[in-house]
1. Take the Cα gyration tensor of segment 238-392, multiply each eigenvalue by 5, square-root it, and list the three semi-axes largest first, rounded to whole angstrom.
2. How high is the relative contact order of segment 15-64, given as a whole-number percent (alpha carbon pairs under 8 Å, six or more residues apart)?
3. Please sort 415-422, 320-327, 98-105 by packing, taking for each peptide the average over its residues of neighbouring beta carbons within 10 angstrom, highest first.
4. Rounded to the nearest 500 deg cm²/dmol, what is the calculated helix-only ellipticity per residue at 222 nm for the chain, with -39500 (n - 2.57) per DSSP H run of length n ≥ 4?
5. Order these peptides, 53-61, 434-442, by their mean beta-carbon neighbour count within 10 angstrom, highest first.
6. What relative contact order, as a whole-number percentage, does segment 310-442 give when Cα pairs under 8 Å and 6 or more residues apart are counted?
7. Taking the Cα centre of segment 194-325 as the origin and placing charges on Cβ (Lys, Arg +1; Asp, Glu -1), which of Gly263, Tyr314, Ala246 is farthest toward the positive end of the dipole?
8. For segment 16-109, what is the relative contact order in percent, using Cα pairs closer than 8 Å and at least 6 residues apart in sequence?
Amino acid sequence: MGIVAGLDSSSESTRIVVCDTDTGAVIKQGYAPHPVGGSGDVDPQAWLMSLGEAAEGGLLEGVQAIGVSAQQHGLLALDAGGVLVRPALMGNDKRAQSAAADLTEALGGRTAWAQAVGAVPTASQPVAKLRWLARSEPDSAHRVAELMQPHDWLVWQLLGRPMRRTTDRGTASSSGYWSAANGSWRPDLVQLALGHQVRLPEVIGPADAAGHTPEGLLISAGTGETMAAAFGLGVGVGDAVISLGASGSVFSIHHEALADPTGTILSYADATGMHLPVVHTLNAVRTLRGTAELLGTDLDGLSALAMKSTPGSYGLVLLPYLEGERTPHLPHTAGSLTGLRRESMKPEHLARASFEGMLCGLADALDVLRGRGVQVRRVFLLGPAADLQAVRAIAPALLGVQVVVPQPADYAALGAARQAAWALGVSHGTQSPHEPPRWPAAASQIFEPGEELPVGQAVRQQYVAVREQTHPGAFEPGAFESGTVESGTVEPGAQETVGQAAGGGYEAGGYEAGGFETGGFETGGYETGSGHDHGATGGYGAM
């Protein structure tokens with residue numbers, strides 16, 4: 001038996017889990033908030049302070065290897081001596097919106113970017129932050145000699161700041177200047193954004209070691225928070241993950257990079273050598289919260305109301321585009337409610353329409369992946385909203401597949417620990433570099449579509465018919481590339497990175513907390529439902 005640790009540095013805190021290498025069992029845990037906020041300009045020394053606090057009390061005693069997961073899309077710009085030229089820019093910093101739009105046009109449009117790196121620039125991505133830096137802080141930009149993201153920088157610090165700088169495929173793929181399809185950096189895109197060439201980290205394999213600390217601890221490659229969470233959950237080919245925050249995200253594991261000419265799919269790499277396509281929506285739990293406020297209740301009350309209605313909400317269809325929408329590309333539209341009749345004008349029908357609208361919007365995102373050949377046999381639901389009875393009751397039939405709701409855990413930290421165990425085993429010759437440790441999958445509740453599947457598909461068809469009537473051609477490729485749908489024109493920065501559901505309570509805003517790129521991956525608020533308990537078996541995480 002060996003002992004490894006997984007460290008997850010999110011936008012707000014550091015979480016550490018210490019695990020048995022053979023079984024994945026959590027032996028010890030540590031937590032500490034970051035001493036500064038997680039947006040705008042951040043001194044990364046705060047992350048090290050938080051790490052030290054989380055590891056107090058001998059937490060890492062006996063640990064042989066450490067894996068690092070960290071928030072994605074942050075940018076650390078260093079000079080030739082390895083010193084930061086300015087504080088770190090975080091993923092949820094919106095100042096680069098116009099820079100992102102400008103960069104998109106500079107390369108020839110959305111299709112050109114999708115073909116180059118599998119993603120169209122958004123304000124969150126480091127490549128857009130480089131263009132912003134060049135325009136807004138030219139003196140600082142001129143001094144930039146190398147680039148890192150948060151996970152890269154933390155690994156480098158743990159190793160004692162060696163000459164070698166490393167990253168992994170997952171973090172590299174979220175930069176905007178690395179191609180998951182080709183497995184290579186695009187220094188020409190750095191030049192386009194910043195105006196000159198810089199040093200970029202060496203991209204190492206998922207089972208490789210980044211090095212050893214001065215004390216002899218092995219540090220694995222590390223990865224981004226999204227990739228670590230997928231690895232910690234044990235998802236594999238055939239699995240999709242839907243994260244329910246204020247906004248929504250859908251990602252899956254796939255055998256190849258997807259170059260989506262519309263830019264709807266972000267083509268990332270995962271933590272195993274596979275690929276991780278991601279689709280975002282702008283409206284998820286914000287739809288439920290808005291409806292709850294309208295009806296004078298909370299989310300639990302809204303769920304209870306919805307369960308009093310019937311599938312189809314007596315003909316009510318809510319298109320949940322309250323903040324515009326990213327999938328489909330409708331940046332300037334508004335939500336709508338159709339099908340109003342005297343018999344449908346009751347709180348319970350509006351409540352159910354809000355759940356059906358949110359889930360149908362996420363089903364649209366899931367279909368974008370399916371349309372590119374991604375297999376989806378089951379869906380993991382993450383976030384406190386997954387505990388709502390209405391979500392659990394409605395989702396399987398609308399999504400058309402088995403739904404898995406994992407119990408709460410620090411999945412990003414667990415994924416980092418699993419990676420550390422992998423690298424440690426490879427270094428000792430006891431583990432194949434092509435096969436990660438087979439830790440037990442997350443304990444979960446499972447919900448099947450069952451006899452409700454035909455009813456759910458009818459509800460979905462009702463939703464699609466209303467969407468097509470209201471926004472004809474919204475999913476056609478031309479609507480994305482031209483930047484128009486109906487009469488709306490894309491303004492600079494209309495495409496923004498959206499949120500992922502972090503853990504947290506209802507009153508504290510836990511349903512809307514966090515960010516897909518910046519928040520934690522601990523799923524909160526788990527409670528007994530109508531499903532049955534299982535380990536979420538299957539995929540590369542199964543025993």
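1. Those come to 30, 16, 13 Å.
2. The normalised contact order for segment 15-64 reaches 36 percent.
3. 415-422, 320-327, 98-105
4. -9500 deg cm²/dmol
5. Going from most to least packed, we get 434-442, 53-61.
6. Result for segment 310-442 is 18 percent.
7. My answer, from the dipole projection, is Tyr314.
8. Values: 91 pairs, mean separation 24.0, N = 94.
Once normalised by length, the contact order is 26 percent.
Just so you know, all these numbers are worked out from the coordinates, no wet-lab data involved. What you see is a predicted model; the values in this text were computed from it and never measured. As a convention, Cβ positions derive from the backbone with ideal geometry for all residues, glycine included, and neighbour counts pool all protein chains shown.
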